[in-house]
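Colleague: Supplied in structure tokens, the structure appears directly below.
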Amino acid sequence: MTTHSTHLATIDPIPPAGPVPHRLAAPHRMPGRGRLARSQPLPPARVWKGLGLTMLIPFVLSAVMGLAYLGAFHQPEPHNLPVAVVGGTPAAAVFAQTLNDSAYQELDVRTVADADAARALVASREIVAAYAPGEGGATLFVSSAASETSASVAQKVFGPIAYQQHLPLEVVDVVPAGAHDTTGQGQFFLLVALSIGGYASAIPIAGAMGRFPMAWRFGLAAAASAVVAAIGVVVAGPVYHVIDTGQWAVWLFSWLYVAAIVLVGLGLHPLLRQWTTPVLTLCFVALNFTSSGGIFAPELQPGLFAGLNAFWNGAAWLHAVQTLVYFPGQNFGFDALKLALWLVPGTVLMLLTHLWSVRRTRLADENAALLEVEEVVAPS
């Protein structure tokens with residue numbers, strides 16, 4: 001019986017009928033793919049510290065602006081508002097004394113002899129309003145050019161009094177605001193523009209101060225201030241006609257005002273760096289605008305802002321410009337003196353920080369030279 005040895009060969013299976021399915025290719029693995037992405041670690045502490053210090057600036061500005069503006073404007077009330085009662089009779093004196101006693105904290109009441117004297121006192125800004133009762137009616141003398149809000153408060157004070165006396169009230173605007181500045185606040189908004197232009201100019205000049213000698217720094221500050229003042233006066237004058245008279249004098253006062261802001265900014269920048277803008281905003285926005293008297297006169301504001309009005313440069317500028325535009329012939333010498341004196345702190349700050357920078361540079365050079373000497377003489 002013959003035995004046949006059979007070799008088992010590997011035979012491919014018969015493919016099934018129909019389309020041949022494509023074999024799925026193995027996906028190409030990229031680095032980091034095919035597994036869950038690891039979560040990114042939190043930034044180091046120094047990043048959080050830097051972010052926190054940077055965010056302090058807007059937080060502080062928000063708090064300062066809110067406290068200043070709401071504190072100054074949220075509840076205007078008269079505080080010793082200077083007013084007068086017209087009449088030289090004993091009845092007028094009794095009426096004035098009664099009014100003064102009933103509102104001794106709100107009003108400061110005096111008597112004047114006649115309507116002409118009342119007009120003169122309102123026009124000179126010695127009083128806010130004068131009330132003149134008569135047989136057929138009453139007259140209230142005010143000045144919207146001096147302060148439109150104070151004139152409105154005076155009407156609220158004396159309107160009910162005239163009603164109780166059964167007297168129709170006529171309001172006479174002794175010195176009205178201009179035809180293109182019906183609220184009398186256009187000069188205040190020019191003050192806003194000058195202030196922002198001033199401290200915005202200080203920052204780029206301060207960044208380039210190290211490349212210029214001291215005399216050039218003062219020259220750049222003066223030139224930038226002159227340009228900012230000119231832009232403001234042109235916009236307020238020929239463009240919008242808020243200031244139609246005394247434009248050269250207004251420009252000169254504006255130049256002094258802006259120069260003080262720029263000098264203070266240049267003097268503070270080497271010390272405060274990124275905090276220079278917040279400090280300038282505090283001084284020349286938060287405290288400056290609120291105490292200037294442009295919205296509410298100091299007699300309608302809390303004591304802090306009324307006190308700042310006596311010496312702050314924004315209040316001096318606004319009073320001087322009001323005098324030039326609406327009250328020609330009145331004295332503004334004290335306002336000019338205050339604006340000039342505000343140049344002193346900026347100048348002193350610039351000189352002191354310059355001396356400090358020179359000393360710091362000299363010490364750094366001496367330390368570097370000492371290290372080089374120690375490296376040379378040190379044993380190898």
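The values are calculated or read from the model by the stated rules, or taken from the named source; none is laboratory data. This one's a predicted model, so the numbers in the text were calculated from it and none came from an experiment. Every residue, glycine among them, receives a Cβ derived from its backbone with ideal geometry; neighbour counts consider all protein chains shown. What goes into the accessible areas is simple: the full protein's heavy atoms, side chains included, and nothing from ligands, DNA or RNA. Shrake-Rupley method; radii C 1.70, N 1.55, O 1.52, S 1.80 Å.
Colleague: If you stretched the chain out fully between ASN367 and HIS241, how much longer would it get, using 0.36 nm times the residue separation minus the C-alpha to C-alpha distance?
Modeller: 39.3 nm is the gain from fully extending ASN367 to HIS241.
Colleague: May I ask which residue of VAL153, VAL285, LEU191 lies farthest towards the positive end of the charge dipole of the chain, with charges of +1 (Lys, Arg) and -1 (Asp, Glu) on Cβ and the Cα centre as origin?
Modeller: VAL285
Colleague: May I pose another question? Within the chain, what whole-number % of the accessible surface is contributed by carbon and sulfur, with the 1.4 Å probe and all protein chains included in the calculation?
Modeller: That fraction is 66 percent.
Colleague: Looking at [x] 24.1; [y] 22.1; [z] 26.5, which value of Kirkwood radius over Cα pairs in Å comes from a calculation on the structure shown?
Modeller: Step by step, Kirkwood radius over Cα pairs in Å for this structure corresponds to label [z].
Colleague: Here's something else I'd like to know. Set the Förster radius R0 to 45 Å, insert the Cβ-Cβ distance between TYR163 and LEU282 as r into 1/(1 + (r/R0)^6), and round the FRET efficiency to 0.05.
Modeller: The calculated FRET efficiency here is 0.50.
Colleague: Right, next: About its Cα centre, how strong a charge dipole does the chain have in debye, to the nearest 20, once Lys and Arg get +1 and Asp and Glu get -1 at the Cβ?
Modeller: Using only the charged Cβ atoms, the result is roughly 2240 debye.
Colleague: Same structure again: Just from its helices, what would the mean residue ellipticity at 222 nm be for the chain, if runs of 4 or more DSSP H residues each count -39500 (n - 2.57) and the sum is divided by every residue, rounded to the nearest 500 deg cm²/dmol?
Modeller: Calculated at 222 nm, the ellipticity per residue is -18500 deg cm²/dmol.
Colleague: Still on this structure, please answer the following. Per residue, how many Å² of accessible area does the chain show with a 1.4 Å probe?
Modeller: Result: 59 Å² per residue.
Colleague: Let me ask something else about it. For VAL47 and ARG211, what is the calculated FRET efficiency with R₀ set at 25 Å and r taken between the beta-carbons, to the nearest 0.05?
Modeller: Once the sixth-power term is evaluated, E becomes 0.20.
Colleague: Given the Cα-Cα distance of ALA223 and GLN155 and 0.36 nm per residue of separation, how much length would full extension add, in nm?
Modeller: That works out to 19.9 nm of additional length.
Colleague: Residue separation times 0.36 nm, minus the C-alpha to C-alpha distance between TYR69 and ALA230: what's the value?
Modeller: 55.1 nm
Colleague: A further question follows. With no solvent and one equal point scatterer per Cα, compute the Debye intensity ratio I(q)/I(0) for region 59-111 at 0.17 Å⁻¹ and report its log10, rounded to two decimals.
Modeller: Results for region 59-111 at q = 0.17 Å⁻¹ read -0.60.
Colleague: Determine the relative contact order of the chain: mean sequence separation of Cα pairs under 8 Å and six or more apart, normalised by residue count, in whole percent.
Modeller: 16 percent
Colleague: If you don't mind, another one. Counting only GluC sites (Glu not before Pro) that are in a DSSP loop and have at most 14 other C-beta atoms within 10 Å, tell me the longest site-free stretch of the chain.
Modeller: By the stated rule (loop sites, at most 14 other Cβ atoms within 10 Å), 136-380.
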